[in-house]
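Throughout, read-outs are computed from the coordinates displayed, never taken from laboratory work. Just so we're clear, the structure is a prediction, and the values are computed from it rather than from any experiment. Quick reminder, even Gly has a Cβ in these numbers, built from the backbone with ideal geometry, and neighbours come from all protein chains shown.
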Amino acid sequence: MRLRGTLNEAYGWKPQSPDSAPTGLVKRVRALLETPIAEFSAADIGFLLRQRIGVDLLLDRALDLLESDPLRETEYYPGDLLCAVCRIPPQHFTADETRGARVAAIANRGFAAAAAVNEFGQPFLSKQLSAEIESCTKQLNTLLKPTEKT
């Protein structure tokens, strides 16, 4: 899906000047709301998903990025984009079975890849990533499990 325009335009929100923002975070959000969606970097997508802004429009782009690299680092650490996706409320995955299955498959691959982070001398990060991704995977597998008819 080709996304045109800005998030403000997509949602019908009134633009607000980043210059009048009370904090750096709000300034960044306001600037991104006026940036064409097609110009978002992986870091922009991860940031907005962590703020729960534009999830329905940005989730598939995040998944495209994660399919080629489940532990893609956008700003903070390897796997931060996957962790941002895993923290999204589950209704975004369960409303669309294909999307949910896609997230689950990526999370499973990310869980396996998280062990490799330990090989680079970051055992704490590997442990944290593994725990978060495993939690996400279990939740998704439970939510996406077909219900048995009795």
Acute angle (nearest 10 degrees) that the helix 24-33 long axis makes with the longest principal axis of the chain, alpha-carbon atoms = 80
Match the structure shown to one of the listed values (i) 16.7, 60; (ii) 18.4, 70; (iii) 16.2, 54 of Rg and Dmax of the Cα atoms in Å, computed from it, and give that label.
-> (i)
What is the chain's relative contact order, in percent, from Cα pairs under 8 angstrom and six or more apart in sequence?
-> 16
Charge tally in the Cβ shell below 10 Å around Pro36, where Lys, Arg are +1 and Asp, Glu are -1, Pro36 excluded | -2
Go through 20-26, 40-46 and give me the packing order, highest mean Cβ count within 10 Å leading.
-> 40-46, 20-26
